[in-house]
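K.L.:
Below is a structure I'd like to ask you about.
The values are calculated or read from the model by the stated rules, or taken from the named source; none is laboratory data. Worth saying up front: this structure is predicted, and the values here are computed from it rather than measured. Using ideal geometry, Cβ is built from the backbone for each residue, glycine included, and neighbour counts are taken over all protein chains shown.
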């Protein structure tokens, strides 16, 4: 028996029509370092229509890819609206990627047009010769100078291109499962992989962002979206804000702690979103030059686990509550949000708030243990998190990635526990966990405990082969300046902090732990150095 | 280009699995007049599984209809969960309908099973002989006595039927566009018509209820759902509450003002939902016996327009904010909600709050004027509201109803205005509006102005044929006891209250305005009496 409901597809054209009319008065503000650029959704809607006409005039048809190479600013938002709503596919290029990855990604996605901020032209120009499918570069927000002279593409000025175009566009209604946008993951192994979002997935995800168990974004909010629009769709904030009429403050290239605090004090946003390292910087800035940022009723932190001390510092010293969330490019990205259950307060509430939080109804989860079977949601059994749902990736664009999926579920690569009431705590990355005698040891747990020793500056743990237990932890230690400590002392220190069977036997002492480009421990390098015999390993039992 | 998102259907089986585990500790409380019956979503989930097994054992397969004839209580909620989640179709029978309509509806829907509250058996038993497809009656919540003796159906006791069944059920994943539930509109003309909700429409609607621009229901809420589960799916509250883990308080048959206040004082719910007449009664009860109901952080009022005086009284005298909303059975029912825009306060906020509110992104609207063309959203141009979207009906179950739909849009039968920023104000029912010389006159506006005269007790306005203007208003007046007033005086009274061209020429004086079963003016009867020449019409110009 079929329902009698209308078979109306979820569609970003409808979203643009709605948000730019019903919420046409909402503000869109771009920070410039000087006088902010202020406009409204109504005007952004008119300019998005002009952009769509302009792209058509450049020959963009069907589901061709229009790439952006931009900071968070008004023009980037216009592309977010125009490109999917006209039926094309928005491809956000991550400006921070190494040149060879950018070239690979733009070629793999077959980008037809790139919209680039004038300030980023110097980064893009050297790559253009290697981009096989790009025919047009549109420079937004200023003069490109001579950096693009001689490029084998047509170069356009964004404002010139739009100026003569009509300010209305008949946004088509497309199949809700068609591609709307794509974003490549900067995978640590192999080539980057493209996640392709649908109109449906973005619509549903936007609703979740404005649900009370999501980010609870409201029409009255003024959102400082620090998380880049080239990183996991700025956590879905641009579309969610348009859906419910939140105003938007965009920092453009001013992502240093000082201007971030400046714009918060000046513009008084009510919500903000960024990774922990940004907030660490903001906290230091506020320590150095105290100012009041308490207009922020909520700050969303995700991307990597937020230290509880940082959460407490913002709340206790600056009256700004931090909302911890988890997600990844493959999950659109909203996966879980750590709202404390109703009725909990104080330390009880904190116990929930420092977890990765609860998954909403639309994101199903299961934990797969070391034996490949599901482990119970008992708060202690550890497994790899697998998720499923309408805004979760089930594959990548034109590549096979079978080991990333498991019977239709996305393998997140994250290892942790779930409580009976659905609170997720991640303890490690699956590739970093130590599989010892059929049990899993969290590398992160050991690192945290070792780093609690006053003589230790840094500690990174990898798994190394062990004839009896399959794998055992190897701890790489950086001793703090002016201190000294040895493996036996550290093992003793851990004795009442970890279960006996987890106590590491293998230790190595380094001047520095190798780091990735975003400052995380680079365990891939440590594993390679150990495999090559380049580490001096001490045993302590 | 297809997206790489998982093609995961929106599904009530998933919702039941999620809500009864992640939110398993949330409370489900049924008022009994004595000690409330308390349980949890976890237990309701186990009993829903038992109910599904029991229904299978009675032969319920595929998309067969399982009807309910119940108050809002735990067993009704169990049916809400079990029936759609097992793939069958929940059919909520409106216990307040006349017998012949109930018989028509149950036969038209081909109900296979009816679950009935023991207290409602006396209402159902006399009809059973005329129900052609019903094979099983399951009596919940008590002993049916001998009322069902001799009925040509199998009679079961709910608890007995469930007791031996397994407490887990492997809820199937079904096509999201398949039927989940159905509800007949008690149309004022013609036979009742069935609206069939899909798994998809219910899922999306539940998300909207928990969105900040919907009802903003949260996990911390304890919801007193007074609006009957047999009336427009209790405004979607049962599924929305399950989706985000709100606790639920259900009044069973105790819908009188006194027990409603009693249960609010005793149970301290944080949110409630009911039609204006319920709140009018609660207000009078509180005037008679003052008590504190201010645990209610929000009361949702819909079903018919809420008098602003009632909204103000609750807020100013009882510290309970009323949230005005509009919808209908055909809109699942959430259509619009009157949140004042951020930053507005005082009288400015009230101007928004007394409208029908804003439509969310998923509900598109247009106004069709008297000439069949769209009228602008300027806050003054009047048209019939038409809506479109994924939880809006596009037809009725197995009947043609072409005139209820227009190019794929639902004709709501409501007439009103929209502001540029999307606030809806309804001024009349389309069938009551007076089409005079190409313009529309609101019958409700004239009624309100006439009733403002101190000598008038009641006034109802209908359109009557007019040779020059097509239609003109006829005002039926009931003079207040001990007062006297004539047509000329009333017309003079209106002179500075209405535009000149709207001033009525035709008047009739009655002892009483005929009313429908729910107490609304029955204009159908007035129109028939006028057509039959049974009204004495006075002319005043």
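K.L.:
Which is surrounded by fewer than 18 Cβ atoms within 10 Å (Cβ to Cβ), within 29 Å of residue B:25 (Cα to Cα) and touching a helix residue (DSSP H, G or I) at 6+ places or on another chain (Cβ under 9 Å), of A:333, A:308? Spell out how you get there, then give the answer.
P.N.:
Values: A:333 fails: surrounded by fewer than 18 Cβ atoms within 10 Å (Cβ to Cβ).
Of the residues listed, the single one that is surrounded by fewer than 18 Cβ atoms within 10 Å (Cβ to Cβ), within 29 Å of residue B:25 (Cα to Cα) and touching a helix residue (DSSP H, G or I) at 6+ places or on another chain (Cβ under 9 Å) is A:308.
K.L.:
Let me ask something additional. Looking only at the stretch B:245-258, decide whether some residue is out of contact with any strand residue (DSSP E or B) (no Cβ under 8 Å at 6 or more places or on another chain) and free of Cβ contacts under 8 Å to residues at least 24 places away in the same chain.
P.N.:
no
K.L.:
Further question on the same structure: For the stretch B:341-369, which positions are in a loop (DSSP other than H, G, I, E, B) and at the interface with another protein chain (Cβ under 9 Å from one of its Cβ atoms)? Break it down stepwise before answering.
P.N.:
Taking the stretch B:341-369 first, the residues in a loop (DSSP other than H, G, I, E, B) are B:341-345, B:354-356, B:359-363, B:369.
If the condition is that a residue be in a loop (DSSP other than H, G, I, E, B) and at the interface with another protein chain (Cβ under 9 Å from one of its Cβ atoms), then B:341, B:342, B:343, B:359, B:360, B:361, B:362 are the ones that fit.
K.L.:
So, residue B:270, is that one over 17 Å from the mean Cα position of the chain (by Cα) and either closer than 14 Å to residue B:224 by Cα or modelled with pLDDT under 95 (or both) or not?
P.N.:
On the way: over 17 Å from the mean Cα position of the chain (by Cα): yes; either closer than 14 Å to residue B:224 by Cα or modelled with pLDDT under 95 (or both): yes.
Against the criterion (over 17 Å from the mean Cα position of the chain (by Cα) and either closer than 14 Å to residue B:224 by Cα or modelled with pLDDT under 95 (or both)), residue B:270 qualifies.
K.L.:
Right, here's the next one. Inspect all residues belonging to the stretch B:116-124 and state whether any of them is in contact with a strand residue (DSSP E or B) (Cβ under 9 Å, 6 or more places away or on another chain) and farther than 19 Å from residue B:255 by Cβ. Lay out the reasoning, then the answer.
P.N.:
The initial filter retains those residues of the stretch B:116-124 that are in contact with a strand residue (DSSP E or B) (Cβ under 9 Å, 6 or more places away or on another chain), namely B:116-121, B:123-124.
Cutting the leftovers down to farther than 19 Å from residue B:255 by Cβ gives us none.
No, the stretch B:116-124 has no match at all.
K.L.:
Find the strands (runs of 3 or more DSSP E) located wholly in the stretch B:55-158 whose residues include 1 or more that are within 14 Å of another protein chain (Cβ to nearest Cβ), and list them.
P.N.:
On the way: elements: B:65-69, B:89-92, B:111-117, B:136-140, B:154-157.
Ranges flagged: B:65-69, B:89-92, B:111-117.
K.L.:
When the residues of the stretch A:34-56 are narrowed to those that are touching a residue at least 24 places away in the same chain (Cβ under 8 Å), surrounded by fewer than 19 Cβ atoms within 10 Å (Cβ to Cβ) and touching a strand residue (DSSP E or B) at 6+ places or on another chain (Cβ under 8 Å), which ends up nearest to residue B:365 (Cα to Cα)?
P.N.:
Here the answer is A:39.
Rundown of residues vs (1) at pLDDT below 95; (2) touching a strand residue (DSSP E or B) at 6+ places or on another chain (Cβ under 7 Å); (3) under 28 Å from residue A:97 (Cα atoms), yes/no style:
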| residue | (1), (2), (3) |
| --- | --- |
| A:457 | yes, yes, no |
| A:467 | yes, no, no |
| A:489 | no, no, no |
| A:499 | yes, no, no |
| A:506 | no, yes, no |
| A:513 | yes, yes, yes |
| A:520 | yes, no, yes |
| A:535 | yes, yes, no |
| A:540 | yes, yes, no |
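K.L.:
Collect the residues in the stretch B:281-310 that are closer than 20 Å to residue B:345 by Cα and at pLDDT 95 or above, keeping them in residue-number order.
P.N.:
If the condition is that a residue be closer than 20 Å to residue B:345 by Cα and at pLDDT 95 or above, then B:297, B:298, B:299, B:300 are the ones that fit.
K.L.:
Among (1) more than 13 Å from every other protein chain (Cβ to nearest Cβ); (2) more than 25 Å from residue B:473 (Cα to Cα); (3) crowded, with 21+ Cβ neighbours inside 10 Å, where does residue B:402 come up short?
P.N.:
Unmet condition: (3).
K.L.:
Given (1) assigned to a helix (DSSP H, G or I); (2) touching a helix residue (DSSP H, G or I) at 6+ places or on another chain (Cβ under 6 Å); (3) more than 8 Å from every other protein chain (Cβ to nearest Cβ), identify the lone condition not met by residue A:19.
P.N.:
With respect to (1) assigned to a helix (DSSP H, G or I); (2) touching a helix residue (DSSP H, G or I) at 6+ places or on another chain (Cβ under 6 Å); (3) more than 8 Å from every other protein chain (Cβ to nearest Cβ), residue A:19 is out only on (3).
K.L.:
Can you say whether residue A:471 is part of a loop (DSSP other than H, G, I, E, B), surrounded by fewer than 21 Cβ atoms within 10 Å (Cβ to Cβ), at pLDDT 90 or above and over 28 Å from the mean Cα position of the chain (by Cα), as far as the supplied structure shows? Please lay out each step first, then the result.
P.N.:
On the way: part of a loop (DSSP other than H, G, I, E, B): no; surrounded by fewer than 21 Cβ atoms within 10 Å (Cβ to Cβ): yes; at pLDDT 90 or above: yes; over 28 Å from the mean Cα position of the chain (by Cα): yes.
Criteria not met by residue A:471.
K.L.:
Across the stretch A:378-393, what is the number of residues that are within 8 Å of another protein chain (Cβ to nearest Cβ) and more than 18 Å from the chain's Cα centre (by Cα)? Break it down stepwise before answering.
P.N.:
Within the stretch A:378-393, the subset within 8 Å of another protein chain (Cβ to nearest Cβ) is A:388-393.
This time we only want the ones that are more than 18 Å from the chain's Cα centre (by Cα), so: A:388-390.
Count: 3.
K.L.:
Suppose the filter is modelled with pLDDT of 95 or more, within 27 Å of residue A:520 (Cβ to Cβ), crowded, with 18+ Cβ neighbours inside 10 Å and touching a helix residue (DSSP H, G or I) at 6+ places or on another chain (Cβ under 9 Å); does residue A:278 pass it?
P.N.:
Working: modelled with pLDDT of 95 or more: no; within 27 Å of residue A:520 (Cβ to Cβ): yes; crowded, with 18+ Cβ neighbours inside 10 Å: yes; touching a helix residue (DSSP H, G or I) at 6+ places or on another chain (Cβ under 9 Å): yes.
Taking the combined requirement at face value, the residue does not satisfy it.
K.L.:
Just give me the residues in the stretch B:405-426 being closer than 19 Å to residue B:333 by Cα and either away from chain A (no Cβ under 14 Å) or exposed (fewer than 15 other Cβ atoms within 10 Å of the Cβ) (or both), in sequence order.
P.N.:
Once the filter is applied, which keeps residues that are closer than 19 Å to residue B:333 by Cα and either away from chain A (no Cβ under 14 Å) or exposed (fewer than 15 other Cβ atoms within 10 Å of the Cβ) (or both), the stretch B:405-426 yields B:408, B:413, B:414, B:415, B:416, B:425, B:426.
K.L.:
From the list B:73, B:94, which one is within 20 Å of residue B:191 (Cβ to Cβ) and either modelled with pLDDT of 95 or more or surrounded by fewer than 23 Cβ atoms within 10 Å (Cβ to Cβ) (or both)?
P.N.:
Working: B:73 fails: within 20 Å of residue B:191 (Cβ to Cβ).
The unique qualifying residue is B:94.
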